[in-house]
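Down below is the structure, laid out as structure tokens.
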Amino acid sequence: MNLVFTGPPGAGKGTQAAMFHARHGAPHVSTGDMLREAVRDATDLGERASAYMRRGDLVPDELVDAIVRARLAREDCSSGFILDGYPRTLQQARVLGESLARDGRRLDAAVLFAIRDEVLLERLVGRRVCVRCGATYHLSHKRPRTAGRCDLDGMALELRKDDDAETVRHRVAVFRELTGPMVEYYRGEGLLLQVDAELPILKIYKEIRRFIDGRSPRSRGRARGVWAARLGAAPIG
Ligand code: AMP
């Protein structure tokens, strides 16, 4: 399955990507994670990207397009991938589409995570991230066993540099401003699924699965039977 997850920061794209990875094996390709790693390792890319990221602005397309192209060319993406946070603009979406087409691949779905701004703000300013492994926690909804320490490796938890209230507001505004045309592009291609990102995690997962199954002729029978019955809803497609 070749998926794009799009939505404002804090909408839960990473959580769903991790779930799809665990259940289906497709790698979780997060441009935000790749860029943060480059900044941490002080690579040339990291140095060029860091000022944009600190402000909550988008990193220039040519840098991001290049890292995604290189990542999707790797062996582990040959039978599927979940793109999280890319594309973010119409231009990036077109570049991705052309690059996949050149390789004889195409997307199965572009999932838009819809959520209210006030919910995002609350989620992001309470988010804490492990400095080493990147595992995420929340001060009120997902506390670590020991305050301030990662459950997985015991390392310190920190507020991401771009998760302070002012930068979060800016990141959300950037998303809302630039993403509309991209969403319309995917709607026109018949690939768009909008999910309510305030629903429980498992419900969102099932909705996405149902959409993918409904689009795939191979699994259409399965979608009609299993997923429609489980969800008690009309099948799609
Ligand atoms: P994220 O973790 O997805 O919220 O991304 C963190 C930051 O990385 C963003 O605020 C941007 O500065 C940068 N970034 C991530 N993905 C992209 C992208 N597709 N295009 C441009 N900048 C990006």
Qualifying residues in the range 39-62 (those that are open to solvent by less than 20 Å² (accessible area, probe 1.4 Å) and within 10 Å of the ligand (Cβ to nearest atom)) - the one farthest from the chain's Cα centre (by Cα): ALA49
The listed residue being in contact (Cβ under 8 Å) with a residue 60 or more places away in the chain and over 19 Å from PRO9 (Cα atoms), out of ARG187, ARG106, ARG149: ARG106
LEU90 being within 16 Å of the ligand (Cβ to nearest atom) and either free of Cβ contacts under 8 Å to residues at least 12 places away in the same chain or surrounded by 18 or more Cβ atoms within 10 Å (Cβ to Cβ) (or both): no
Residues of the range 1-34 satisfying the condition of being open to solvent by less than 10 Å² (accessible area, probe 1.4 Å) and part of a helix (DSSP H, G or I): GLN16, ALA17, PHE20, THR31
Residues (open to solvent by less than 60 Å² (accessible area, probe 1.4 Å), in a loop (DSSP other than H, G, I, E, B) and within 15 Å of the ligand (Cβ to nearest atom)) located in the range 152-211: ARG160, ASP164, ALA197
ILE82 being more than 10 Å from the ligand (Cβ to nearest atom), touching a Phe, Trp or Tyr at 6+ places or on another chain (Cβ under 7 Å) and within 30 Å of HIS138 (Cβ to Cβ): yes
Complete set of residues in the range 71-86 that are over 13 Å from LEU100 (Cα atoms) and in contact (Cβ under 8 Å) with a residue 24 or more places away in the chain: ASP76, ILE82, ASP84, GLY85, TYR86
Residue within the range 18-35 that is charged (D, E, K, R), more than 9 Å from the ligand (Cβ to nearest atom) and over 30 Å from PRO200 (Cα atoms) present: no
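The values are calculated or read from the model by the stated rules, or taken from the named source; none is laboratory data. This is a predicted model, so every value here is computed, not measured. Every residue, glycine as well, gets a Cβ built from its backbone with ideal geometry; the counts of neighbours run over all protein chains shown. Areas reflect the complete protein model, heavy atoms only, side chains present, ligands, DNA and RNA absent. Shrake-Rupley method; radii C 1.70, N 1.55, O 1.52, S 1.80 Å.
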